[in-house]
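The values are calculated or read from the model by the stated rules, or taken from the named source; none is laboratory data. Since this is a predicted model, take the numbers as computed values, not measurements. Cβ placement follows ideal geometry from the backbone for every residue including glycine, while neighbour counts extend to all protein chains displayed.
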Amino acid sequence: MPTVFVTVDMSLRRSCGMLPLDGVLVHAASGGVGLAALQAIPSMGGRAFSTAGQPTKRALLRGLGSVGVCSSRDTRFVDCFAQLGGVGLVLNSLTSTGLVGASLSCLVPCGRFVEIGKRDVWSVDACSMERVDVSYGLVAVDFLPPRVVGAALCSLSRACCLGLVHALTHIVHGMGSTSSALRQMSQAKHVGKVVVRSPCSSVLVPSSCSALFGGTIVMQSLVSGWLVEHGCLYVSVRHDAHQHIVPHFGQGRSTVCISLSLCEHERLDVDSLICFPAATSQTNLLFYLSSFEKLKSFEDKSVKACQGTVSEGLLLKQWESFCAISALTQGVLFSSVASLLGSPGQSNYSAANAALDAWAHAQRLRGGVAVSVQWGAWSGGGMATQDSSTALRVERTGMGVLSADEGLGALRGVVMEAGSRVGSGLGWSGQFAAVPFVWDAFLRNVQRSSSTIPGLFLEFADQVPAVLPTGEEAPLVGTSGTSGLAGRFAGMSVADRRAQLSSQVQETVRQVMGTDVDVEEPLMAAGLDSLGAVEVRNGIERSVGLELPGTLVFDYPSISAISGYLEDCLGVGEDGPGLASSASIVAGEMADSALDSSVHVGNVCSRFPGEDVAVEVGAPPVDGIGVVLYERWGVDSVSSDAPARFAGNLRGTDLFDGALYGVSSTEASLMDAQQRLLLESALCSLSSCPGRVSSSSTGAFVGISGTDYGKLVSLSRQTIGPYTATGGTLSVASGRLSYTYGWKGPALSVDTACSSSLVATHVSFSSIRLGACEDALAAGVNLTLAPDTTSMFQSAGMLALDGRCKTLDAAASGYVRGEACVSLLVWSSSSSLGGMDGLAALRATSVNQDGRSSSLTAPNGPSQQEAVRSALRLAGLPPQELDMVQMHGTGTSLGDPIEVGALSAVVLGASCTSARSPLVLTAGKSGTGHTEPAAGLLGVSKALLGLSQADCLPILHLRLVNPHVSSALSMAEKHGGGLGTSCLMPREGSSLPLGPASQSLVSGVSAFAFQGTNAHALLGLGGTGACSGSGSPSSRVRAWHRERHWVWPRPHALVHGAPMASGSTQTLEVRLDKALASSLWD
C-alpha cells in the first residue's frame, strides 16, 4: 500500500502538478498503481480515464467511477478519449512504442506525461520529438531521498485516518506458494496486488480448528473472517437459534464452517460436536466473545428475559464442557475495559467481565492456557458503539474507538504472544488491555475525580501536566463557595457577570456532550442522557463552587435556565454577588394584604380502594391494592413481558340504581360507569345539606380523562343508538350532573390527566370568587376497565412490578393504577349554603404549566415551586404557616426528589425568626394507588381527614428514604438557616406536631400531570370541621336498589379464568374446588 500510493502522490502532485478538472489517463489501471490512482484522482477534483486488457477488468474500472474505459491492447482509446474532451495528464506504465505515441497524441495542448518506474525506455528527447508542448516527468520511488519519502508517508497516513484512501484489493500467498504467486502475476489475471506473506510465530496453524462461543453477530463475523484468512476451520456456538454466521471461503480451497445454535437456556449437546473430528480432536484455540448487553438489573426484567440473561452465563459452563473433549492449546476470552476501570451505573456489567478475567486466571493456575483481553469499544461491531450516547461517554472519558482492523491486529498480537508463552509457567499474567487511550484527556478526568493518578497509570503521568486548580480557583463546597466567585466577579458589570456564568455552563455542557447546544434548547432533547446529566451537574458544581441539587438538569432543562438559576443562587444581579435568600424572594412575591377566605369545602363523598376502613375515625389507612379483578381483564392479556398484576380496583361498578335517576335499562348499560359513579357521589354530597342547593347558580366541575367503557362498548359490537354518544363522551359527565340536579351554573369536564380533579377544583374556586356561581360541586373519577392504557404505561416503565407506590422510598420504582370517585361541595359565605359548617376553608388554588422543560413528561421543579408560591401569595400566607402537604408522590425515583426539592425550596428554604413545627409530608397514593384524574380530589379528602383530626397520615411502604430526597431537604435547610425547619415523613399515624404559635392548621395538596399541568390547593382549618362531613355513598344515602347494568354479560360463577384465544377457539378455566361447585362433588 505505501509504495503504490506514494508513487501516485508523487506523480499527480509533485511531478506534473495535477489541476482540478484535469483528465488523467491511467494505463493498466487494474494494477496496484492504477487502483490507487482511481482513489486519488476524484479526491483532487480530476476525471479518471483508464485502460485494461480484459473485459472483466474494464467492467471493474467502470464500477470504480472511471469516466472512460478502453482496451490497453490497441490504440482505439485515442479517438474515444478525444471525444470525451481529451486528457491533460498521462500516467504511463506501458513499454510499447506505439501505445506510448498514441498516449501522447490524445493529450491536450501543454499536457503532461509521467513515466512510472520505466527507466531507459522513454526519455525527454523522445517525448519532445513527438510533442514539443508536452512536459515529461519520471517518478522512481526507490530513488527518492528519505526526507521526501517520510513526508509522503505522513501524508498517506493522514489520508488513511481521514478515510480518503482505502486498502487495495490483494491476493495473499504463503512463502511456500511463491511459484504460484509468480505464475498468477505472469498470467495478468489478477486485480490489485499479489502479496507473498512470510510465516509468523503463531498457534493459528492452517487447517486447525477454532471454536467461537457467544458474542454479537458482527463480532463473530469479524473473528471468523480473520480465522478463515489464516486458513483455519472454526465452530460457531451461539445462544440464539435464529442468528447464524455466514460461512466464509478461502482462496483456492473451501474452509469448513460449522454453526451450532442454542435456544434460550438449552445446554450444549457435546455429543453433537464429537461427530466432527475437526471440531474436537484438532481444536487448538477457543474464543469466548462475551455478550453481556442483556445483563441489567434483574428488577427491571421479566422472568423470560432473566432466563435469556442467565443463558449467557451458561455458555461459560458449556466452554468447560468443550475444553474437556478438545485438544485445547489456548483460549482467548473477550472481556471489557469495564473490568479494569469500572463502569458508572453498570457495576453488574463490570463484575461479569471481571468474572471472565478470574476464570482465565483460574485456568492458568490449574495448568491450562487462557488469555483474557479487556477490550475497549469497537466501531461497528461492539456493544458500546451501538448506542450513540454510550459512544460519546466513552469519548469523554478519554478513550478512543477501535476500528475492525485495529482490533483484529491487536487480537493477532495477543494470539502470537500467547503462542510464545505456551508452557512458560505461572509467571505470565495472561491479561491484556486493548484500549486506544487518549492519555491527555483520560488522565485529566482521573485527576479531576480523585485528585491523584492511580499507580496503574503512573508510567504515563509525565505526559499530562497537573490540572487540578489550586488557591482561589479550587472547587468550593456548599454556600461558602460564593466567596471565591465574589472575587472573580469583583469589578465586573452585571452583563459581564451573567455572560461569564453562562459561558461556564456552556463550556461544561460542551465538554460532556461534545458539541455546542443552543442556550434555549432542552439538553435532554439534544441527546443528553441521565448519566450525562449527572456529569453536567458535577461539572457545574466544580466550576461555580456551589452545592447543586441532583435534579438540576431536570429542573432547569436548558443552558439559559441553568444560568438563570445560578444567577438567583449567587445574586448576580444589580445588587452584586452574594447568595440570594429564598425567604426574601418569597416575601417579595407575597401579597400585601391577604384575601378574604370566604370559600368553604365540605360534604366530601369518596370511593377508593380500602374505603371501608379508611373513613373510620382513628383507624389507620390500609393498603387497598390487590390483584387485578377478573371482571376487569386477565392479567395475561396485557402485552408485556411482565404484565401489571396489581391495581386498586373498586368493586360493584357494574351496579346502578337506574330507576332512582329515571334512566332506562338500555341507557344505563350504554352509560359510562364513571358517569354513574358521579351521579351517586353527587347525591351523597347533597344528601346532608341543611338547605337546598340553588339551582340557578350551582356549577359542576368534573376531572375525568378515561374512556375505557367506550372501548368495551365498541368491542361488544352494540348497535349504535341514541345513547351511544351521550354514554361515552367526557363532556357529558359534567353536563349530566347539571341536567340531573337542575343546576344552571357553569358545567365543565376537565382533562389534564393526573391533575384533572384538582384543576377542576381550581376552576370552581375561581368561578365562585369571580361571581360566575355561588356554589359548586367539584368531582373526580377514574375507572380502569380496559388493559390498553395499562399496557402502554407498563411498556413505558411507569408502573411498579410489585404493585406498590413506594413514595419517598429508596426502592421507588413507579406507581400502581387505582380507581376512585370523589366529590365535594364548594360554596361561598353568601350562597344558600353559607350557614353550613364546612370541613375547611379553601384558602387558595393555583394552576400552571411546565412549559419547555427537559421533556414533555418529565416533572419540573421550578414550575412546581411557582405553583406553591402562587397559592401562598393568593392566600396571604408566609411559607412557614404551611403545616403539612398531601404530596402528588407517585413513588418514582425522579419525581419524588423533584417534588420534595420544590417544596423544600419554598417552605424549608425560607428563613424564620421563631421556632416552628416541622413540615409534614404525606402521600395517600401509598395506600390507594395513583387514581390519575381523581388523584387531586382524593388528596384533598385525605388532607381534610388529617386536618379535622390533627393527625399525620402515615406513608405506607416507606422504609429507607431516597438519598436524593434527603439531599434536597438538607440543601434547603442549609440555605434557609431557619429555626426548626425540619421535615416529618411519618411511617405510622400520629398527632400533628403543633408549634407554640399555632392558630390554625394549613395543608397543601399537590397534583402534577405527566403532560406538565401543575395544580396546588391550600386548605385551612379554624376549628369548625367535623369528621362527619365525609363518607361513602353507601353510608350517606338510604338503601339503594341497584341492579347490574353492563355492556358484557356476567361471567359464570364457576369460571375461574379465560386464557388468550388462539384462532377461533376460546378456552375457559373452571375451578371445581370452589364452594359454589359443592353440588358437583357428588
Q. Tally time: how many residues in the stretch 730-774 are outside any helix (DSSP H, G or I) and in contact (Cβ under 8 Å) with a residue 12 or more places away in the chain?
A. 15
Q.
Quick check on my filter: what residues within the stretch 519-546 are of a type in the set (Asp, Glu), farther than 15 Å from Val394 by Cβ and touching a residue at least 40 places away in the same chain (Cβ under 8 Å)?
A. Glu520, Glu541
Q: Identify, by number, the condition in (1) basic (Lys, Arg); (2) closer than 20 Å to Thr922 by Cβ; (3) under 34 Å from the mean Cα position of the chain (by Cα) that Arg869 doesn't meet.
A: (2)
Q.
Just to be sure before I move on: is Gly380 within 30 Å of Ser530 (Cα to Cα) and either buried (at least 17 other Cβ atoms within 10 Å of the Cβ) or modelled with pLDDT under 80 (or both) in the structure I sent?
A. yes
Q. Can you tell me which residues in the stretch 775-792 are farther than 24 Å from Arg736 by Cα and either in a strand (DSSP E or B) or without any contact (Cβ under 8 Å) to a residue 40 or more places away in the chain (or both)?
A. Met792
Q | Subset of the stretch 162-221 (residues that are at pLDDT below 75, over 20 Å from Trp378 (Cβ atoms) and crowded, with 19+ Cβ neighbours inside 10 Å) | A | Leu204, Ser208, Cys209, Ala211
Q) All but one of (1) touching a residue at least 24 places away in the same chain (Cβ under 8 Å); (2) part of a helix (DSSP H, G or I) hold for Asp802; which doesn't? A) (2)
Q) Restricting the first residue to the stretch 419-441 and requiring it to be crowded, with 17+ Cβ neighbours inside 10 Å and of a type in the set (Val, Ile, Thr), which pairs with a second residue that is part of a helix (DSSP H, G or I) and at pLDDT 75 or above meet a Cβ separation below 9 Å and a spacing of at least six or different chains? A) Val435/Leu340; Val435/Leu341
**Q.** Residue count for the stretch 133-171, restricted to those that are more than 15 Å from Leu12 (Cβ to Cβ) and among the hydroxyl-bearing types (Ser, Thr, Tyr)
**A.** 3
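For the stretch 852-875, give me the residue count where each residue is assigned to a loop (DSSP other than H, G, I, E, B) and either outside the structural domain of Pro986 (by TED's automatic domain parsing) or at pLDDT 90 or above (or both).
Taking the stretch 852-875 first, the residues assigned to a loop (DSSP other than H, G, I, E, B) are 852-860.
In the following step, the residues that additionally are either outside the structural domain of Pro986 (by TED's automatic domain parsing) or at pLDDT 90 or above (or both) were identified as 859-860.
Looking only at that region, the number is 2.
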Q. If you scan the stretch 655-682, which residues turn out to be assigned to a helix (DSSP H, G or I), of a type outside the set (Gly, Ala, Ser) and surrounded by fewer than 21 Cβ atoms within 10 Å (Cβ to Cβ)?
A. Leu660, Tyr661, Thr666, Glu667
Q | Residue ID - modelled with the highest pLDDT, chosen from residues in the stretch 323-366 that are more than 26 Å from the chain's Cα centre (by Cα) and part of a loop (DSSP other than H, G, I, E, B) | A | Arg366
Q) Quick one: which helices (runs of 4 or more DSSP H) sit completely within the stretch 32-146 and have at least 2 residues that are modelled with pLDDT of 85 or more and assigned by TED's automatic domain parsing to the domain that holds Ala159? A) 32-43, 55-63, 77-83, 97-105
Q) Does the stretch 876-894 hold any residues that are surrounded by fewer than 24 Cβ atoms within 10 Å (Cβ to Cβ) and assigned to a helix (DSSP H, G or I), and which are they? A) Glu881
Q) Being out of contact with any Ser or Thr (no Cβ under 6 Å at 6 or more places or on another chain), surrounded by 15 or more Cβ atoms within 10 Å (Cβ to Cβ) and either touching a residue at least 40 places away in the same chain (Cβ under 8 Å) or closer than 16 Å to Gly780 by Cβ (or both), is that true of even one residue in the stretch 694-702? A) yes
